Amino acid sequence: MNLLKPHNVPRHVAIIMDGNGRWAQRQGEARVFGHHSGATRVREVVETAGNMGVDFLTLYAFSEENWRRPDDEVNALFSLLISYLKDEVERLHENGVRLKSIGNIDRLPPDCQEWLRLVEQRTGNNQGLTLVLALSYGARSDMVRACQSIAADVQRGFIQANEIDESLIQSRLSTSIMPEPDLLIRTSGEQRLSNFLLWEMAYTEFYFTPIHWPDFSKEDFATAISVYSDRERRFGGLISP
Ligand code: FPP
(Lines give C-alpha, C1' and ligand atoms only; values in the text may rest on other atoms or scores of the structure.)
Protein backbone atom coordinates (compact mmCIF):
# COMPACT_ATOMS: atom_id res chain seq x y z
CA MET A 1 0.00 0.00 0.00
CA ASN A 2 1.29 3.45 -0.86
CA LEU A 3 0.36 5.76 2.00
CA LEU A 4 1.03 9.45 1.44
CA LYS A 5 3.93 10.72 3.51
CA PRO A 6 2.98 14.12 4.97
CA HIS A 7 5.56 16.90 5.21
CA ASN A 8 5.64 17.07 9.00
CA VAL A 9 5.85 13.54 10.40
CA PRO A 10 5.83 13.37 14.23
CA ARG A 11 9.08 12.08 15.68
CA HIS A 12 7.30 10.25 18.50
CA VAL A 13 3.77 8.81 18.39
CA ALA A 14 2.16 7.34 21.53
CA ILE A 15 -1.00 5.22 21.29
CA ILE A 16 -3.65 4.18 23.81
CA MET A 17 -4.99 1.11 22.01
CA ASP A 18 -8.49 1.14 23.46
CA GLY A 19 -11.73 -0.66 22.63
CA ASN A 20 -10.65 -4.30 22.16
CA GLY A 21 -13.13 -5.66 24.70
CA ARG A 22 -16.13 -3.64 23.49
CA TRP A 23 -15.33 -4.48 19.86
CA ALA A 24 -15.41 -8.21 20.65
CA GLN A 25 -18.49 -8.09 22.87
CA ARG A 26 -20.39 -6.14 20.23
CA GLN A 27 -20.14 -9.19 17.99
CA GLY A 28 -20.95 -11.67 20.74
CA GLU A 29 -17.33 -12.78 21.24
CA ALA A 30 -15.19 -12.97 24.38
CA ARG A 31 -13.05 -9.90 25.18
CA VAL A 32 -9.88 -11.89 24.47
CA PHE A 33 -10.94 -12.18 20.82
CA GLY A 34 -10.65 -8.39 20.65
CA HIS A 35 -7.13 -8.49 22.08
CA HIS A 36 -6.11 -11.06 19.41
CA SER A 37 -7.37 -8.80 16.64
CA GLY A 38 -5.69 -5.88 18.40
CA ALA A 39 -2.34 -7.68 18.17
CA THR A 40 -2.72 -7.82 14.38
CA ARG A 41 -3.21 -4.06 14.33
CA VAL A 42 -0.03 -3.71 16.41
CA ARG A 43 1.95 -5.53 13.69
CA GLU A 44 0.51 -3.22 11.02
CA VAL A 45 0.97 0.02 12.88
CA VAL A 46 4.62 -0.81 13.70
CA GLU A 47 5.30 -1.41 10.01
CA THR A 48 3.44 1.71 8.88
CA ALA A 49 5.04 3.99 11.49
CA GLY A 50 8.51 2.76 10.44
CA ASN A 51 7.72 3.28 6.74
CA MET A 52 6.43 6.79 7.38
CA GLY A 53 9.62 7.85 9.15
CA VAL A 54 8.35 7.96 12.75
CA ASP A 55 11.35 7.50 15.08
CA PHE A 56 9.56 6.39 18.29
CA LEU A 57 6.26 4.54 18.73
CA THR A 58 5.07 3.96 22.30
CA LEU A 59 2.17 1.56 22.81
CA TYR A 60 0.18 1.39 26.06
CA ALA A 61 -0.12 -2.40 26.09
CA PHE A 62 -0.83 -3.01 29.80
CA SER A 63 -1.40 -0.40 32.49
CA GLU A 64 -0.80 -0.80 36.22
CA GLU A 65 -4.57 -0.60 36.62
CA ASN A 66 -5.04 -3.52 34.17
CA TRP A 67 -3.87 -5.91 36.95
CA ARG A 68 -7.40 -5.50 38.36
CA ARG A 69 -8.87 -7.45 35.41
CA PRO A 70 -9.86 -11.13 35.83
CA ASP A 71 -6.89 -13.55 35.85
CA ASP A 72 -8.04 -15.17 32.60
CA GLU A 73 -7.84 -11.90 30.71
CA VAL A 74 -4.50 -10.92 32.26
CA ASN A 75 -3.02 -14.33 31.40
CA ALA A 76 -4.37 -14.14 27.86
CA LEU A 77 -2.82 -10.69 27.38
CA PHE A 78 0.62 -11.90 28.47
CA SER A 79 0.39 -15.05 26.29
CA LEU A 80 -0.50 -12.79 23.40
CA LEU A 81 2.46 -10.56 24.13
CA ILE A 82 4.81 -13.56 24.26
CA SER A 83 3.43 -14.85 20.92
CA TYR A 84 3.94 -11.41 19.43
CA LEU A 85 7.54 -11.25 20.63
CA LYS A 86 8.32 -14.82 19.45
CA ASP A 87 6.68 -14.40 16.05
CA GLU A 88 7.95 -10.92 15.34
CA VAL A 89 11.51 -10.88 16.66
CA GLU A 90 13.16 -11.64 13.32
CA ARG A 91 10.86 -9.40 11.31
CA LEU A 92 11.47 -6.51 13.73
CA HIS A 93 15.20 -7.08 13.48
CA GLU A 94 15.17 -7.26 9.66
CA ASN A 95 13.19 -4.00 9.55
CA GLY A 96 15.69 -2.23 11.78
CA VAL A 97 13.21 -1.85 14.66
CA ARG A 98 14.66 -1.55 18.18
CA LEU A 99 12.41 -2.80 20.99
CA LYS A 100 12.31 -1.17 24.43
CA SER A 101 9.95 -1.48 27.38
CA ILE A 102 8.88 0.87 30.16
CA GLY A 103 6.92 0.18 33.33
CA ASN A 104 7.19 -2.15 36.28
CA ILE A 105 8.65 -5.00 34.22
CA ASP A 106 9.65 -7.00 37.35
CA ARG A 107 5.94 -7.59 37.96
CA LEU A 108 5.39 -9.40 34.63
CA PRO A 109 5.36 -13.22 34.41
CA PRO A 110 8.98 -14.49 34.26
CA ASP A 111 8.67 -15.96 30.73
CA CYS A 112 7.36 -12.64 29.50
CA GLN A 113 10.30 -10.80 31.10
CA GLU A 114 12.66 -13.31 29.49
CA TRP A 115 11.19 -12.76 26.00
CA LEU A 116 11.34 -9.01 26.41
CA ARG A 117 15.02 -9.23 27.40
CA LEU A 118 15.75 -11.47 24.46
CA VAL A 119 14.06 -9.24 21.87
CA GLU A 120 15.56 -6.08 23.42
CA GLN A 121 19.00 -7.69 23.12
CA ARG A 122 18.45 -8.97 19.60
CA THR A 123 17.24 -5.59 18.31
CA GLY A 124 19.34 -3.37 20.60
CA ASN A 125 21.71 -2.05 17.91
CA ASN A 126 19.06 -1.31 15.29
CA GLN A 127 18.80 2.24 14.01
CA GLY A 128 15.22 2.37 12.69
CA LEU A 129 11.96 2.83 14.58
CA THR A 130 12.18 2.45 18.37
CA LEU A 131 9.12 0.52 19.51
CA VAL A 132 8.44 1.12 23.21
CA LEU A 133 5.98 -1.19 24.95
CA ALA A 134 4.47 0.28 28.12
CA LEU A 135 3.81 -2.74 30.35
CA SER A 136 2.53 -2.64 33.91
CA TYR A 137 3.09 1.07 33.36
CA GLY A 138 1.62 3.93 35.36
CA ALA A 139 2.84 7.51 34.98
CA ARG A 140 2.25 8.41 38.62
CA SER A 141 4.28 5.51 39.97
CA ASP A 142 7.05 6.28 37.47
CA MET A 143 7.14 9.81 38.92
CA VAL A 144 7.13 8.44 42.47
CA ARG A 145 10.14 6.22 41.63
CA ALA A 146 11.94 9.20 40.10
CA CYS A 147 11.29 11.27 43.27
CA GLN A 148 12.54 8.43 45.48
CA SER A 149 15.75 8.12 43.49
CA ILE A 150 16.40 11.88 43.64
CA ALA A 151 15.55 12.03 47.36
CA ALA A 152 18.03 9.20 48.03
CA ASP A 153 20.75 11.19 46.22
CA VAL A 154 19.89 14.31 48.23
CA GLN A 155 20.07 12.26 51.44
CA ARG A 156 23.52 10.93 50.46
CA GLY A 157 24.68 14.49 49.73
CA PHE A 158 25.18 13.88 45.97
CA ILE A 159 22.62 16.55 45.00
CA GLN A 160 21.47 19.76 46.72
CA ALA A 161 17.68 20.20 46.90
CA ASN A 162 17.92 23.48 44.98
CA GLU A 163 19.68 21.67 42.11
CA ILE A 164 16.54 19.66 41.31
CA ASP A 165 15.17 20.87 38.00
CA GLU A 166 12.97 19.58 35.18
CA SER A 167 15.83 17.93 33.31
CA LEU A 168 16.96 16.04 36.44
CA ILE A 169 13.42 14.75 37.06
CA GLN A 170 13.08 13.79 33.40
CA SER A 171 16.38 11.90 33.53
CA ARG A 172 15.09 9.70 36.39
CA LEU A 173 11.86 8.67 34.62
CA SER A 174 11.76 5.35 32.76
CA THR A 175 10.91 7.42 29.68
CA SER A 176 14.31 9.15 29.65
CA ILE A 177 15.15 6.80 26.74
CA MET A 178 12.89 8.73 24.40
CA PRO A 179 11.85 12.24 23.36
CA GLU A 180 8.47 13.58 24.49
CA PRO A 181 5.58 12.35 22.33
CA ASP A 182 4.54 14.74 19.57
CA LEU A 183 1.24 12.98 18.98
CA LEU A 184 -1.04 10.88 21.18
CA ILE A 185 -3.67 8.73 19.47
CA ARG A 186 -6.47 7.19 21.55
CA THR A 187 -8.97 4.90 19.88
CA SER A 188 -12.54 3.91 20.86
CA GLY A 189 -13.96 7.37 21.58
CA GLU A 190 -12.63 7.74 25.13
CA GLN A 191 -10.96 11.10 25.73
CA ARG A 192 -8.66 10.79 28.72
CA LEU A 193 -5.03 9.97 29.52
CA SER A 194 -5.57 7.06 31.94
CA ASN A 195 -2.26 7.56 33.76
CA PHE A 196 -0.18 7.39 30.56
CA LEU A 197 2.96 9.58 30.16
CA LEU A 198 1.56 12.44 32.28
CA TRP A 199 4.86 14.30 32.65
CA GLU A 200 5.92 13.68 29.07
CA MET A 201 2.71 14.86 27.37
CA ALA A 202 2.73 18.48 28.56
CA TYR A 203 2.87 19.71 24.94
CA THR A 204 1.70 16.66 23.02
CA GLU A 205 -1.00 17.00 20.36
CA PHE A 206 -4.03 14.75 20.99
CA TYR A 207 -5.97 12.81 18.35
CA PHE A 208 -9.10 10.98 19.49
CA THR A 209 -11.01 8.67 17.17
CA PRO A 210 -14.21 6.67 17.74
CA ILE A 211 -12.69 3.68 15.89
CA HIS A 212 -12.03 0.69 18.18
CA TRP A 213 -8.42 -0.52 18.15
CA PRO A 214 -9.15 -3.83 16.31
CA ASP A 215 -10.59 -1.77 13.42
CA PHE A 216 -7.81 0.85 13.38
CA SER A 217 -6.23 0.40 9.94
CA LYS A 218 -3.00 1.61 8.34
CA GLU A 219 -5.08 4.27 6.58
CA ASP A 220 -6.52 5.43 9.92
CA PHE A 221 -2.98 5.76 11.26
CA ALA A 222 -1.96 7.75 8.17
CA THR A 223 -5.00 10.02 8.69
CA ALA A 224 -3.94 10.73 12.28
CA ILE A 225 -0.42 11.61 11.09
CA SER A 226 -1.81 13.83 8.38
CA VAL A 227 -4.10 15.70 10.85
CA TYR A 228 -1.08 16.20 13.11
CA SER A 229 1.03 17.48 10.24
CA ASP A 230 -1.45 20.33 9.68
CA ARG A 231 -1.48 21.39 13.34
CA GLU A 232 0.40 24.43 14.50
CA ARG A 233 2.43 23.88 17.67
CA ARG A 234 3.44 26.94 19.65
CA PHE A 235 4.60 25.42 22.95
CA GLY A 236 3.09 28.38 24.80
CA GLY A 237 4.85 30.90 22.54
CA LEU A 238 3.53 33.03 19.67
CA ILE A 239 2.97 32.20 16.01
CA SER A 240 6.19 32.90 14.13
CA PRO A 241 5.77 35.75 11.58
C1 FPP B 1 -7.53 -1.77 25.90
O2 FPP B 1 -8.77 -2.27 25.41
C3 FPP B 1 -6.45 -2.65 25.50
C4 FPP B 1 -5.64 -3.33 26.37
C5 FPP B 1 -5.76 -3.24 27.81
C6 FPP B 1 -4.61 -4.27 25.87
C7 FPP B 1 -3.92 -3.89 24.61
C8 FPP B 1 -3.35 -5.10 24.01
C9 FPP B 1 -3.29 -5.38 22.68
C10 FPP B 1 -3.70 -4.42 21.65
C11 FPP B 1 -2.81 -6.68 22.15
C12 FPP B 1 -1.46 -7.19 22.55
C13 FPP B 1 -0.38 -6.18 22.56
C14 FPP B 1 0.81 -6.33 21.93
C15 FPP B 1 1.84 -5.29 22.11
C16 FPP B 1 1.11 -7.46 21.04
P17 FPP B 1 -9.86 -2.71 26.46
O18 FPP B 1 -9.72 -4.16 26.69
O19 FPP B 1 -9.77 -1.86 27.68
O20 FPP B 1 -11.18 -2.42 25.67
P21 FPP B 1 -12.55 -1.92 26.31
O22 FPP B 1 -12.32 -0.50 26.78
O23 FPP B 1 -13.48 -1.98 25.15
O24 FPP B 1 -12.93 -2.85 27.42
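The values are calculated or read from the model by the stated rules, or taken from the named source; none is laboratory data. Only a predicted model underlies this, so the values are computations on that prediction, with no experimental measurement involved. Please note: Cβ atoms are built from the backbone with ideal geometry, for glycine as well, and neighbour counts cover all protein chains shown. We work out accessible area using only protein heavy atoms, side chains counted, and drop any ligands, DNA or RNA first. Shrake-Rupley method; radii C 1.70, N 1.55, O 1.52, S 1.80 Å.
Distance from the Cα centroid of region 127-177 to that of region 42-63 is 24 Å (rounded to whole angstrom). Once backbone amide H atoms are built at 1.01 Å from N, Leu129 has Arg98 as its partners under 5 Å, excluding neighbours fewer than 5 places away on the same chain.
With all pairs of separate Cα atoms included, region 183-241 yields a Kirkwood hydrodynamic radius of 12.9 Å.
Taking a quarter of the surface of the Cα convex hull of the chain gives a mean projected area of 15.3 nm².
Per residue of the chain, what 222 nm ellipticity follows from adding -39500 (n - 2.57) for every DSSP H run with n ≥ 4, rounded to the nearest 500? Numbers along the way, then the final one.
Numbers: 7 runs with 103 residues, N = 241.
My calculation for the chain gives -14000 deg cm²/dmol from helical runs alone.
Each residue of region 48-54 was assigned a 3J(HN,Hα) from its phi angle through the Karplus expression (A = 6.51, B = -1.76, C = 1.60, θ = phi - 60°), giving 5, 4, x, 5, 7, x, 6 Hz with x at Gly and Pro. Rg and Dmax, both from the Cα atoms of region 50-95 and both in Å, are 13.8, 38. Using the Cβ of Trp199 as centre and a radius below 10 Å, the other residues enclosed give a net charge of -3, where K and R count +1 and D and E count -1. GNM on the chain, alpha-carbon springs under 10 angstrom: the most fluctuating residue among Phe158, Phe33, Phe56 is Phe158.
In loop segments of region 200-241 as defined by DSSP, the GluC sites (Glu not before Pro) with at most 12 further C-beta atoms inside 10 Å of their C-beta are Glu232. If you take all C-alpha pairs in region 130-232, what percent of them are over 22 Å apart? Percent of Cα pairs beyond 22 Å in region 130-232: 43. Each residue of region 30-45 was assigned a 3J(HN,Hα) from its phi angle through the Karplus curve 6.51 cos²θ - 1.76 cosθ + 1.60 (θ = phi - 60°); the sequence is 6, 4, 4, 4, x, 5, 4, 5, x, 5, 5, 5, 4, 4, 5, 5 Hz, with glycine and proline shown as x.
Considering every pair of different Cα atoms, what Kirkwood radius, in Å, is found for region 48-144?
Values: mean 1/r = 0.0718 Å⁻¹.
Mean inverse Cα-Cα distance, inverted, gives 13.9 Å.
A 1.4 Å probe run over the chain, with the rest of the protein chains in place, finds 52 Å² accessible per residue. Over all Cα atoms in region 93-156, the spread is summed up by Rg and Dmax: 14.7, 46 Å.
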